[in-house]
1. Looking at region 142-174, which of its residues are basic (K, R), in contact with a Phe, Trp or Tyr (Cβ under 9 Å, 6 or more places away or on another chain) and open to solvent by 40 Å² or more (accessible area, probe 1.4 Å)?
2. Quick check: is even one residue across region 207-219 open to solvent by 60 Å² or more (accessible area, probe 1.4 Å) and farther than 17 Å from V112 by Cβ?
3. Hey, V74 hits all of (1) open to solvent by less than 30 Å² (accessible area, probe 1.4 Å); (2) touching a residue at least 40 places away in the same chain (Cβ under 8 Å); (3) closer than 26 Å to A223 by Cβ; (4) in a loop (DSSP other than H, G, I, E, B) but one; which does it fall short on?
4. Determine whether region 177-184 contains at least one residue that is at pLDDT below 95, open to solvent by 30 Å² or more (accessible area, probe 1.4 Å) and in contact with an Asp or Glu (Cβ under 6 Å, 6 or more places away or on another chain).
5. Name the pairs whose Cβ atoms lie under 9 Å apart, with the first residue in region 53-65 and closer than 24 Å to Y286 by Cα and among the small types (G, A, S), the second open to solvent by 60 Å² or more (accessible area, probe 1.4 Å) and in a strand (DSSP E or B), and 6 or more positions between them or separate chains?
6. Only one of these is touching a helix residue (DSSP H, G or I) at 6+ places or on another chain (Cβ under 7 Å) and touching a residue at least 60 places away in the same chain (Cβ under 8 Å): K124, K153. Name it.
7. Kindly evaluate L231 against the criterion of being of a type in the set (A, V, I, L, M) and either assigned to a loop (DSSP other than H, G, I, E, B) or at pLDDT below 95 (or both).
8. Could you please give the count of residues in region 121-171 that are part of a helix (DSSP H, G or I) and closer than 25 Å to T201 by Cβ?
Amino acid sequence: MRVRRAAAVVLTTGAVIASGAITAAPAQAVTTPSISAKGGFLMNSANGKTLFAKSADTKRLTASTTKIMTAKVVLSQSNLNLDTKVTIRKEVSNYIVSKGASSANLIVGDKVTVRQLLYGMMLKSGCDAAMTLADKFGSGSTVAARTKNFIGKMNTMAKSLGMTNTHFDSFDGISNGSNYSTPRDLTKLARSAMKSSTFKTVVKTKSYTAKTITKTGATRTMAAWKNTNTLLGWNGTLGIKTGSGTEAKYCLVFAATKSGESVMGAVLTAPNEASRTTDVKKLINYGYAKI
């Protein structure tokens with residue numbers, strides 16, 4: 001009888017161990033990070049579940065993260081040919097000078113492909129590339145009319161993506177008084193944009209050298225466009241776009257994947273570039289731990 005009982009105890013214990021019921025002490029709960037940015041949002045990219053939110057629906061200036069939507073609208077055009085050449089107009093140069101805007105240093109009269117313009121816009125944050133794309137893919141008889149029409153397409157796209165607290169009044173983030181979004185809305189946009197293989201390839205590129213065609217038909221090798229996103233490659237970071245401005249402060253929309261875990265998010269109005277980097281690192285690490 002004693003032998004049988006002992007055997008039963010051994011058998012039962014073995015079954016519990018085999019089933020995994022006996023485990024090591026549970027890991028400590030993941031501490032929610034504190035970020036310096038005024039607004040932040042983080043989601044599980046796979047299922048869209050919210051992982052972190054700080055003033056996630058408060059409207060703020062978006063600076064050059066606006067260019068994510070410019071790229072989204074371009075890449076959503078039917079029958080898009082990325083190798084189509086576009087001539088850089090004098091109006092683009094005039095705009096850059098008048099606004100003191102960030103530039104990919106495109107040369108008036110040069111022919112540049114749509115693909116190259118996407119790299120110039122998303123890596124170097126060239127407002128000249130953004131304006132050229134808006135002019136190319138907007139409708140109208142003048143540059144002003146075409147760029148205005150393109151901005152209308154950006155707002156239509158925002159509505160279709162459920163970006164309920166977003167409005168664009170520019171193609172590059174230089175606000176004309178009504179250009180705003182939220183961390184949650186920008187993350188929705190990023191999740192949609194990253195479904196494009198072209199967009200994904202562009203935003204994860206650290207450096208790109210474009211060869212444009214001059215007025216005389218010669219080939220011009222541009223100085224390399226370095227990605228403004230210094231987090232690329234860190235802990236699985238795949239992109240997406242930085243932004244900065246006097247009022248907008250420092251912004252970043254980001255995506256990262258590691259060991260099968262994917263996160264995506266945005267921080268808006270961080271006080272400086274270093275704080276923005278620290279905030280995003282905290283959120284990415286937190287996201288991986290939460291998933």
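1. Of everything in region 142-174, just one residue is basic (K, R), in contact with a Phe, Trp or Tyr (Cβ under 9 Å, 6 or more places away or on another chain) and open to solvent by 40 Å² or more (accessible area, probe 1.4 Å), namely K153.
2. no
3. If we test V74 against (1) open to solvent by less than 30 Å² (accessible area, probe 1.4 Å); (2) touching a residue at least 40 places away in the same chain (Cβ under 8 Å); (3) closer than 26 Å to A223 by Cβ; (4) in a loop (DSSP other than H, G, I, E, B), just (4) comes out false.
4. yes
5. Filtered contacts from region 53-65: A56/T50.
6. Selected residue: K153, the only one of K124, K153 that is touching a helix residue (DSSP H, G or I) at 6+ places or on another chain (Cβ under 7 Å) and touching a residue at least 60 places away in the same chain (Cβ under 8 Å).
7. So L231 fits the description; yes.
8. So the count comes out to 19.
The values are calculated or read from the model by the stated rules, or taken from the named source; none is laboratory data. Keep in mind the model is a prediction, meaning the values are calculated, not measured. No Cβ is skipped: glycine too gets one built from the backbone with ideal geometry, and neighbour counts run over all protein chains shown. SASA here: full protein model, heavy atoms, side chains in, ligands and nucleic acids out. Shrake-Rupley method; radii C 1.70, N 1.55, O 1.52, S 1.80 Å.
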